[in-house]
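Colleague: I'd like to ask some things about the structure below.
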Amino acid sequence: MVRLAHMRAMNGLAHFFSRLALLTLVGMLSFILWDRYLPPAPPATLEPITGQIDRILIEKSDRRMTLFQGAVPVRIYQISLGFAPDGDKVMEGDGRTPEGMFRIDRRNDQSAFHLSLGINYPRPMDRARASTDGVDPGRDIFIHGQPNRRQDPEPITLDWTNGCVALSNAEIEELWSVTPIGTPVEIRP
């Protein structure tokens with residue numbers, strides 16, 4: 001009888017530990033899967049830019065736009081450029097983004113893209129060069145958001161414009177809100 005009680009206790013103990021091992025295994029597997037397939041954390045929320053910006057620097061080779069207030073950079077965006085971004089814009093349809101010193105000269109909230117800020121290209125020197133070369137220098141160079149007809153909320157990350165500078169829609173909304181007409185824009189190679 002004592003032996004039977006002892007066997008029952010051992011069976012109960014074995015049953016308890018087998019369940020404990022199973023629960024531990026399920027818990028570890030759940031943790032691994034949770035950690036592996038958990039959606040990424042949302043990006044850190046940036047402090048809003050207060051006041052207007054004083055200038056915009058675009059570095060084509062780094063696909064980077066930096067906004068300044070005085071000498072202080074207040075925001076950096078990753079950008080997309082024209083479909084053939086190397087070199088200065090020479091003529092209509094070349095897919096290049098112009099290089100040099102410009103100014104924001106117009107705002108368009110009814111464009112084919114989500115908001116757009118125009119730059120004063122072509123300048124007189126661009127027109128003169130194009131005239132000498134016998135070509136049309138192009139026009140309508142903007143900093144803008146994504147195409148309005150685009151259904152995907154993620155921005156296009158390749159160089160896809162006809163020479164403009166493209167941002168995400170959230171970024172162009174922020175830029176739009178802090179950029180007055182006349183803001184200097186420097187576009188470097």
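The values are calculated or read from the model by the stated rules, or taken from the named source; none is laboratory data. The shown structure was predicted, so the numbers you read here are calculated from the model rather than taken from an experiment. Neighbour counts are summed over all protein chains in view; Cβ atoms, including those assigned to glycine, are modelled from backbone coordinates with ideal geometry. Side chains are part of the model used for accessible areas, which takes the heavy atoms of the whole protein and leaves out ligands, DNA and RNA. Shrake-Rupley method; radii C 1.70, N 1.55, O 1.52, S 1.80 Å.
Colleague: Rounded to whole Hz and in sequence order, give me ³J(HN,Hα) for the stretch 170-181 from the Karplus expression 6.51 cos²θ - 1.76 cosθ + 1.60, θ = phi - 60°, writing x for Gly and Pro.
Modeller: Computed from phi, the couplings for the stretch 170-181 are 5, 5, 5, 5, 5, 4, 3, 6, 10, 10, x, 4 Hz.
Colleague: May I pose another question? I'd like the per residue volume of the convex hull spanned by the Cα atoms of the stretch 68-162, given in cubic angstrom.
Modeller: Values: hull volume 12.0 nm³, N = 95.
Cα convex hull per residue, to the nearest whole number: 126 Å³.
Colleague: Largest first, what is the accessible-area ranking of His144, His114 with a 1.4 Å probe?
Modeller: Sorted descending by solvent-accessible area, the residues read His114, His144.
Colleague: Given 0.36 nm per residue, what is the gain on full extension from Ala128 to Gln69 after removing their alpha carbon distance, in nm?
Modeller: 17.9 nm
Colleague: Trypsin sites (Lys or Arg not before Pro) within the stretch 110-172: which are DSSP loop residues with at most 13 other Cβ atoms inside 10 Å?
Modeller: For trypsin sites (Lys or Arg not before Pro) across the stretch 110-172 that sit outside H, G, I, E and B with at most 13 neighbouring Cβ atoms in 10 Å, the list reads Arg139, Arg149.
Colleague: Treating only the Cβ atoms of Lys and Arg (+1) and Asp and Glu (-1) as charged, compute the dipole magnitude of the stretch 87-126 about its Cα centre; round to the nearest 20 debye.
Modeller: Its charge dipole is roughly 160 debye.
Colleague: Note down the magnitude of the dipole of the stretch 46-118 about its Cα centre, charges +1 on Lys and Arg C-beta and -1 on Asp and Glu C-beta and zero elsewhere, to the nearest 20 debye.
Modeller: The dipole magnitude comes to about 140 debye.
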